């Protein structure tokens with residue numbers, strides 16, 4: 001599949017309870033953690049770029065500046081699935097033939113991996129893997145979008161992804177930031193991963 005047939009959606013409406021503060025605005029090497037993945041994907045010539053945020057979210061203007069259309073989730077308390085439903089709704093208004101779901105708290109996602117997911121997309125859902133579980137970023141052909149609308153609660157698409165085809169991502173690039181300790185560890189020069197690469 002070509003990038004221009006794909007709607008890219010960054011899910012950024014979580015409550016970050018384990019972090020204890022506005023996680024997505026936390027500094028990571030001079031920029032808000034939450035825009036790292038979005039910045040890397042902004043240059044992809046996709047059908048559309050969306051960011052699902054809570055109303056009034058401090059991170060939202062940063063996404064808008066990168067060219068993302070903001071989709072407000074007023075029901076973020078209902079869990080990740082509420083954001084997935086909004087993502088599908090936004091993508092359905094475009095001509096996109098696939099939906100690429102990215103989580104905002106995964107700052108080390110590499111553009112080359114996203115390109116590989118898009119290129120591999122045909123009729124199957126394709127998830128990323130670190131060699132263990134299946135996880136986002138994941139790409140969903142349009143024919144599979146109804147399955148996303150059936151998701152409930154905070155499990156999101158976990159069950160769906162457990163049955164998806166997998167594409168291995170570069171080592172360490174699928175790490176997410178859930179706690180301040182995760183963030184501190186991600187700033188370590190020993191990691192060998194450039195968040196902007």
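Let's see how each residue does on (1) touching a strand residue (DSSP E or B) at 6+ places or on another chain (Cβ under 8 Å); (2) outside any helix (DSSP H, G or I); (3) at pLDDT below 90:
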{"position": "109", "(1), (2), (3)": "yes, yes, no"}
{"position": "116", "(1), (2), (3)": "yes, no, no"}
{"position": "122", "(1), (2), (3)": "yes, yes, no"}
{"position": "128", "(1), (2), (3)": "yes, yes, no"}
{"position": "131", "(1), (2), (3)": "yes, yes, yes"}
{"position": "137", "(1), (2), (3)": "yes, yes, no"}
{"position": "140", "(1), (2), (3)": "yes, yes, no"}
{"position": "146", "(1), (2), (3)": "no, no, no"}
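Do we have any residue at all in the stretch 59-66 that's at pLDDT 95 or above, surrounded by fewer than 23 Cβ atoms within 10 Å (Cβ to Cβ), closer than 26 Å to residue 142 by Cβ and touching a helix residue (DSSP H, G or I) at 6+ places or on another chain (Cβ under 6 Å)? Scanning the stretch 59-66 turns up at least one residue that is at pLDDT 95 or above, surrounded by fewer than 23 Cβ atoms within 10 Å (Cβ to Cβ), closer than 26 Å to residue 142 by Cβ and touching a helix residue (DSSP H, G or I) at 6+ places or on another chain (Cβ under 6 Å).
The single condition from (1) part of a loop (DSSP other than H, G, I, E, B); (2) under 20 Å from residue 12 (Cα atoms); (3) modelled with pLDDT of 90 or more; (4) touching a helix residue (DSSP H, G or I) at 6+ places or on another chain (Cβ under 7 Å) that residue 174 fails is (4).
Could you go through the stretch 18-33 and let me know if any residue there is over 24 Å from residue 170 (Cβ atoms), surrounded by fewer than 22 Cβ atoms within 10 Å (Cβ to Cβ) and modelled with pLDDT of 95 or more. No: zero hits.
For (1) free of Cβ contacts under 8 Å to residues at least 12 places away in the same chain; (2) closer than 17 Å to residue 99 by Cα; (3) in contact with a helix residue (DSSP H, G or I) (Cβ under 7 Å, 6 or more places away or on another chain); (4) assigned to a strand (DSSP E or B), each residue gets a yes or a no:
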position: 38; (1), (2), (3), (4): no, yes, yes, no
position: 41; (1), (2), (3), (4): no, yes, yes, no
position: 44; (1), (2), (3), (4): no, yes, yes, no
position: 49; (1), (2), (3), (4): no, yes, yes, yes
position: 52; (1), (2), (3), (4): no, yes, yes, yes
position: 57; (1), (2), (3), (4): no, no, no, no
position: 82; (1), (2), (3), (4): no, yes, yes, no
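The values are calculated or read from the model by the stated rules, or taken from the named source; none is laboratory data. In this text the structure is predicted, and so the values were computed from the model without any measurement. Here the Cβ is made from the backbone with ideal geometry for all residues, glycine too, and neighbour counts use every protein chain on show.
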